[in-house]
Amino acid sequence: MKKPEMILFDYGQTLVNEAPFDGVRGTEAVLQYCVENKYHLTAEQIQQEAAAINGELGRFDPARRHLFQVEVPNHMFTAYLYESLGIRLSLTGEQLDQVFWDAASPGRPTEGCPQFLKYLVEQGIRTGVISNISYCGRVVERRIRKLFPGHPFEFILATSEYMFRKPNRRIFELALEKAGLKRRGEEGQSEESLPWVWYIGDQYECDIVGAAGAGMLPVWYTGAIDMPWEPHEGVVTATSWEEVRTMLEASEK
């Protein structure tokens, strides 16, 4: 393994351990800002409609989520959801994302992650984030920087802002371009191979297969996985950030 110049991270269940999603709780928080509720709908009824729309779109099915590679920004989704139900809110799209997400799925750093990020700074290893997420990019960045105050992530890519979702190669290539690493090559080595860029994430298809397809070295972080999974032969896997640090210390310069 080659010592990385940069490590890119997934957000959910990698950097941050999110509480189980509770859409009703999130919608209850949003309804506190309701100006008009024409049909007197409850949070439960609104979430039933949201689930029906998501079902039609084919989103969030754990077995098929990697096939859904175009992002639907949440401000578009909620604009249709609430307006089609005769509901008006005194919130901007960004504010709605913030209120809903904070209530529906608060998060905290995964165990040992702040210490690991501090170690990367000490080693001079650059960092960034690519997240498959529909919430507004500013809201996502605000949460990450609040949970890891002072850590110098060079960028935080939310797919809500860039259309493509992992495992689509384009979102990884965008990150490489922003990092200034996209076209760098070494003698005798294809520009498609980027062993000095690691990508760490928790979802096999989106993170591991996707990063490998973009030429990065994928590391499967399983320490906070919140759904059933099976190991895959030949995949670099870590159950803790201490294990990742050990890999780094053993890697070649």
Any idea which residue in segment 53-73 is surrounded by the most Cβ atoms within 10 Å (Cβ to Cβ), counting only those that are assigned to a helix (DSSP H, G or I) and within 19 Å of the chain's Cα centre (by Cα)?
His66
Could you give me the residue pairs with C-beta distances under 6 Å whose first residue belongs to segment 224-244 and is within 24 Å of Ala63 (Cβ to Cβ), whose second residue is open to solvent by 80 Å² or more (accessible area, probe 1.4 Å) wherever it lies, and which are 6+ apart or on separate chains?
Met227/Pro62
So Glu44 clears everything in (1) under 23 Å from Glu161 (Cα atoms); (2) in a helix (DSSP H, G or I); (3) touching a residue at least 12 places away in the same chain (Cβ under 8 Å) except one condition, right? Which one?
(1)
Could you please let me know if Val35 is within 25 Å of Leu157 (Cα to Cα) and out of contact with any Phe, Trp or Tyr (no Cβ under 9 Å at 6 or more places or on another chain)?
no
Among (1) within 13 Å of Pro4 (Cα to Cα); (2) in contact with a helix residue (DSSP H, G or I) (Cβ under 9 Å, 6 or more places away or on another chain); (3) among the charged types (D, E, K, R), which single condition is Glu249 missing?
(2)
Mind listing whichever residues of segment 90-113 are of a type outside the set (Asp, Glu), open to solvent by 40 Å² or more (accessible area, probe 1.4 Å) and more than 17 Å from the chain's Cα centre (by Cα)?
Ser90, Thr92, Gln95
Output the qualifying pairs, or none if there are none: Cβ atoms under 8 angstrom, residues six or more apart or on different chains, first residue in segment 149-165 and touching a residue at least 60 places away in the same chain (Cβ under 8 Å) and hydrophobic (A, V, I, L, M, F, W, C), second residue in a loop (DSSP other than H, G, I, E, B) and open to solvent by 50 Å² or more (accessible area, probe 1.4 Å).
Phe164/Gln69
Mind counting the residues in segment 206-215 that are open to solvent by 10 Å² or more (accessible area, probe 1.4 Å) and over 16 Å from Pro62 (Cα atoms)?
3
Mind listing just one residue for me: the one in segment 76-105 that is assigned to a helix (DSSP H, G or I) and among the charged types (D, E, K, R) and, of those, farthest from Ala19 (Cα to Cα)?
Glu83
Can you find, within segment 18-40, the residue that is farthest from Leu89 (Cα to Cα) among those that are crowded, with 19+ Cβ neighbours inside 10 Å and not small (Gly, Ala, Ser)?
Thr27
Residue that is farthest from the chain's Cα centre (by Cα), among those in segment 74-89 that are within 16 Å of Leu57 (Cβ to Cβ) and among the aromatic types (Phe, Trp, Tyr)
Tyr80
When Thr14 is run through (1) among the hydroxyl-bearing types (Ser, Thr, Tyr); (2) free of Cβ contacts under 8 Å to residues at least 24 places away in the same chain; (3) under 21 Å from Asp202 (Cα atoms), the failure sits at (2)
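The values are calculated or read from the model by the stated rules, or taken from the named source; none is laboratory data. Note that the coordinates shown come from a computational prediction; the quantities given were computed from them, not determined experimentally. Here the Cβ is made from the backbone with ideal geometry for all residues, glycine too, and neighbour counts use every protein chain on show. In case anyone asks, the SASA skips ligands and DNA or RNA and just uses the protein heavy atoms, side chains included. Shrake-Rupley method; radii C 1.70, N 1.55, O 1.52, S 1.80 Å.
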